[in-house]
Amino acid sequence: MDTFLQNCLTGISIGSIYALIAIGYTMVYGILRLINFAHGDIFMMAGYFMIICMTDLLIPWYYSVIIVIVATIILGVVIERVAYKPLRDAPRMSIMISAIGVSYLLENLATYIFSAQPKSYPYDKMGFLSQRVTLGNISTTLVTFITPVLTIVLVLALVVLVRKTKIGMAMRAVSRDFETSQLMGVRINAVISFTFVIGSGLAALGSILYFIPRSSVYPLAGSLPGLKCFVAAVFGGIGSIPGALVGGFLIGLSETFVKGSATLSQYSDVITFILLIIVLLVKPTGLFGEKIKEKV
Amino acid sequence: MTKKAKKMSSVAALFVLAAIIICVGELTPQSSSQWSNLRTVLQLGTIYALLAVSMNLCNGFTGLFSLGQAGFMTLGAYTYAILTIPVASRAGVYYLYGVAGWLSNVVLPIPVALLVAGLMAALLAALIGAPVLKLKSDYLAIATLGFAEVVRIVIASSPLNRVTNGSLGLTKIPGFGSYYGIFIVSIVCIAIIVLLINSSYGRAFKAIRDDEIAAEAMGINLARHKQMSFVISSFFAGIGGALMAMYMGAVSSTTFTIAVTYFILLIVVIGGMGSVTGSIISSLLVIAAREWWLRPLDQTQYIGTFRVPLLKAGFRMVVFSVILMIVVLFFRRGIMGDKEFNWDSIAKLFKKRGKKPKTPTVGGDAQ
């Protein structure tokens with residue numbers, strides 16, 4: 001029973017981090033029809049930013065969190081401006097290749113600057129976040145409890161933003177029809193940049209929550225979580241923010257339970273991709289996705 | 001240009017390449033470090049050329065954006081290694097887990113093992129092809145990328161310890177023992193792919209790439225042709241992986257990661273999606289840049305007593321990926337676009353520009 005509860009808790013916690021990152025994928029995909037392969041690496045870079053801030057510059061953690069989020073947002077927006085904007089009229093494959101190129105560049109850059117060895121994350125200096133909590137027989141860090149709550153609040157806020165505000169309306173318009181919304185006077189570039197601001201900001205937050213319990217960062221730390229989060233986004237239906245949340249929870253929970261079982265534990269990463277294939281075969285648009293008709 | 005002239009030009013190009021390979025093989029001293037770079041570039045470049053051409057068959061000619069290359073390479077490399085490691089050295093290789101009983105005396109000749117490596121990769125491709133190829137472009141990319149990861153995880157998992165040696169990987173993988181072996185296998189494989197592309201199947205692949213719906217309306221069986229392209233591409237990726245294992249002498253589950261797939265994809269893009277000669281030229285250039293020309297960037301250098309900033313281990317790969325990004329962003333068609341190499345366009349270039357082109361990049365973009 002205790003292991004079950006522990007697994008539930010871990011699963012929900014990791015699932016909500018996946019959800020935060022998946023939102024970045026789902027929003028960018030909704031607007032640009034692009035799998036932002038660099039998103040996982042942006043997430044990894046955010047981890048390194050935190051190490052620079054706290055270990056090298058000795059900035060207190062509450063300022064560091066803000067600095068990391070701002071720096072990651074800048075990184076995300078710069079990537080969009082430099083690598084994706086020039087290819088706006090190019091075929092979709094080119095922009096996807098550009099995203100792969102950025103991912104390759106970021107991984108090599110991180111290896112160059114920080115070396116391929118894992119660097120230890122300042123997980124024990126994060127104030128109340130790294131406090132240990134004991135409930136009955138379950139012992140965990142406080143961040144495990146905070147993560148899902150924070151995620152749900154942020155997702156609700158984001159849903160309100162997309163449904164009720166002017167910029168949200170612009171985003172919905174752009175994702176529905178890129179060219180028409182441009183003709184209607186929507187400032188496409190501003191909307192796209194704003195999408196990247198939200199996506200990268202959430203990735204930075206996700207990175208902080210993800211690395212505190214894991215305690216080390218290495219240059220390829222973002223690639224597998226990145227893939228899983230994209231799977232979560234596809235699972236929930238790409239373009240749908242609540243879908244990303246549900247997808248993240250499902251992936252996180254199934255992964256944790258597989259990891260918990262004795263015989264299957266080494267296949268925990270396999271389960272994610274098997275889920276992906278099943279979903280794509282049964283309901284290609286995901287749980288909450290809209291159906292897109294293909295025109296000749 | 002007539003068909004005959006075209007054939008002559010490609011035969012001539014092949015002869016030039018063969019001449020370079022033989023010159024380097026016969027005339028350069030084995031021990032000299034300067035020349036060993038050139039040998040490395042030619043050998044590794046040819047293996048990557050095979051991998052790039054096989055990826056181009058699927059991605060460039062059929063328009064299936066598959067990123068499963070690394071998975072098929074892993075499978076091919078492991079199959080080859082398991083079937084060829086000499087019986088005498090097996091005890092040493094499998095020192096921790098021991099080798100599975102049925103496997104302990106199985107040793108195949110190298111060419112047969114290569115073929116089996118390719119077939120294993122093709123078999124996996126055939127199995128996953130049916131569900132995966134129904135997906136549209138970017139979903140296909142993610143699904144194949146996922147499968148490649150699954151292959152890596154399964155190969156390193158403990159139930160297979162006595163076959164794949166788990167996470168320790170396999171060593172003492174034999175090679176041809178001759179400098180020419182890798183070239184012969186790669187060139188034969190590339191030639192087979194070229195023949196396929198020029199056949200009626202190849203034309204069907206291109207039709208599918210250009211417009212799926214129109215191709216279907218013309219009576220091309222989409223599912224069958226996509227499956228065929230995917231399986232054949234994976235077959236050669238498997239052989240390429242086996243050649244890599246042969247070249248390195250060792251393989252583990254972390255040898256062919258997603259980064260390797262990305263690397264091959266970028267080679268294909270630089271060469272031009274849909275150009276076989278482009279892929280070959282670009283893999284030789286890219287490998288030369290990565291393994292040779294950019295090497296000095298990785299070492300700390302001094303001008304007098306001044307320490308040149310930025311130079312340290314890893315800088316080479318950063319410069320390299322920046323160059324790749326520049327190509328991706330500004331020379332989107334790559335070196336050859338979707339054209340093939342021929343002597344006429346080089347001759348034209350001489351006439352038009354009146355100067356020697358350093359790389360064929362100029363020619364590809366001018367059209």
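The values are calculated or read from the model by the stated rules, or taken from the named source; none is laboratory data. Here the structure is a predicted model, which is why all the values come from computation and not from measurement. Cβ placement follows ideal geometry from the backbone for every residue including glycine, while neighbour counts extend to all protein chains displayed.
Looking at region B:223-244, which of its residues are surrounded by fewer than 24 Cβ atoms within 10 Å (Cβ to Cβ) and small (Gly, Ala, Ser)? Correct list: B:Ala223 only.
From the list A:Gly201, A:Gly185, the one residue that fits, being buried (at least 16 other Cβ atoms within 10 Å of the Cβ) and either of a type outside the set (Ser, Thr, Tyr) or at pLDDT below 90 (or both), is A:Gly201. Residues in region B:204-222 that are loosely packed, with under 13 Cβ neighbours inside 10 Å and part of a helix (DSSP H, G or I): B:Asp210, B:Ile213, B:Ala214, B:Ala217. With respect to the conditions (1) surrounded by fewer than 24 Cβ atoms within 10 Å (Cβ to Cβ); (2) under 10 Å from the mean Cα position of the chain (by Cα); (3) farther than 14 Å from A:Gly15 by Cα; (4) of a type outside the set (Ser, Thr, Tyr), A:Pro225 lacks only one, and its number is (3). Of the residues making up region A:251-267, those that are buried (at least 22 other Cβ atoms within 10 Å of the Cβ) and either free of Cβ contacts under 8 Å to residues at least 40 places away in the same chain or of a type outside the set (Val, Ile, Thr) (or both) are A:Gly252, A:Glu255.
Applying the criterion of being in contact with a Leu (Cβ under 7 Å, 6 or more places away or on another chain) and either of a type in the set (Phe, Trp, Tyr) or closer than 28 Å to B:Ala117 by Cβ (or both) to the residues of region B:198-222, the residue that is farthest from the other protein chains (Cβ to nearest Cβ) is B:Gly202.
Please work out if B:Ala237 is in a helix (DSSP H, G or I), under 17 Å from the mean Cα position of the chain (by Cα) and within 14 Å of another protein chain (Cβ to nearest Cβ). For B:Ala237, the condition - in a helix (DSSP H, G or I), under 17 Å from the mean Cα position of the chain (by Cα) and within 14 Å of another protein chain (Cβ to nearest Cβ) - is not met. Looking across region A:77-103, the residues that are of a type outside the set (Asp, Glu), surrounded by 20 or more Cβ atoms within 10 Å (Cβ to Cβ), under 18 Å from the mean Cα position of the chain (by Cα) and more than 9 Å from chain B (Cβ to nearest Cβ) come down to A:Ile79, A:Ala99. Report, by residue number, each residue of region B:104-141 that is at the interface with chain A (Cβ under 9 Å from one of its Cβ atoms), assigned to a helix (DSSP H, G or I) and surrounded by fewer than 23 Cβ atoms within 10 Å (Cβ to Cβ). B:Ile128, B:Pro131, B:Ser137, B:Asp138, B:Tyr139 - these are the residues of region B:104-141 that are at the interface with chain A (Cβ under 9 Å from one of its Cβ atoms), assigned to a helix (DSSP H, G or I) and surrounded by fewer than 23 Cβ atoms within 10 Å (Cβ to Cβ). Whether any residue in region B:327-341 is closer than 26 Å to B:Ser36 by Cβ, among the hydrophobic types (A, V, I, L, M, F, W, C) and either out of contact with any Ser or Thr (no Cβ under 9 Å at 6 or more places or on another chain) or at pLDDT below 75 (or both) is what I want to check. No: region B:327-341 contains no residue that is closer than 26 Å to B:Ser36 by Cβ, among the hydrophobic types (A, V, I, L, M, F, W, C) and either out of contact with any Ser or Thr (no Cβ under 9 Å at 6 or more places or on another chain) or at pLDDT below 75 (or both).
Being among the hydrophobic types (A, V, I, L, M, F, W, C), within 14 Å of chain B (Cβ to nearest Cβ), surrounded by fewer than 19 Cβ atoms within 10 Å (Cβ to Cβ) and in contact (Cβ under 8 Å) with a residue 12 or more places away in the chain is a description that applies to A:Ala116. Does region B:144-159 include one or more residues that are of a type outside the set (Gly, Ala, Ser), loosely packed, with under 14 Cβ neighbours inside 10 Å, more than 10 Å from chain A (Cβ to nearest Cβ) and in contact (Cβ under 8 Å) with a residue 40 or more places away in the chain? Checked against the condition, which is being of a type outside the set (Gly, Ala, Ser), loosely packed, with under 14 Cβ neighbours inside 10 Å, more than 10 Å from chain A (Cβ to nearest Cβ) and in contact (Cβ under 8 Å) with a residue 40 or more places away in the chain, region B:144-159 yields no hits at all.
Examine region B:284-300 for a residue that is surrounded by fewer than 24 Cβ atoms within 10 Å (Cβ to Cβ), closer than 28 Å to B:Leu170 by Cα, touching a helix residue (DSSP H, G or I) at 6+ places or on another chain (Cβ under 8 Å) and within 14 Å of chain A (Cβ to nearest Cβ), and state whether such a residue exists. Among the residues of region B:284-300, at least one is surrounded by fewer than 24 Cβ atoms within 10 Å (Cβ to Cβ), closer than 28 Å to B:Leu170 by Cα, touching a helix residue (DSSP H, G or I) at 6+ places or on another chain (Cβ under 8 Å) and within 14 Å of chain A (Cβ to nearest Cβ), which makes the answer yes. Within region A:104-111, does at least one residue satisfy the condition of being modelled with pLDDT of 90 or more, within 21 Å of B:Ala143 (Cα to Cα) and within 14 Å of chain B (Cβ to nearest Cβ)? Yes. Within region B:165-186, the residues that satisfy the criterion of being under 22 Å from B:Phe236 (Cβ atoms) and surrounded by 19 or more Cβ atoms within 10 Å (Cβ to Cβ) are B:Leu170, B:Ile173, B:Ile182, B:Phe183, B:Val185, B:Ser186.
Can you report the number of residues in region B:73-98 which are under 31 Å from the mean Cα position of the chain (by Cα) and either exposed (fewer than 13 other Cβ atoms within 10 Å of the Cβ) or farther than 24 Å from B:Leu123 by Cα (or both)? Qualifying residue count for the region: 7.
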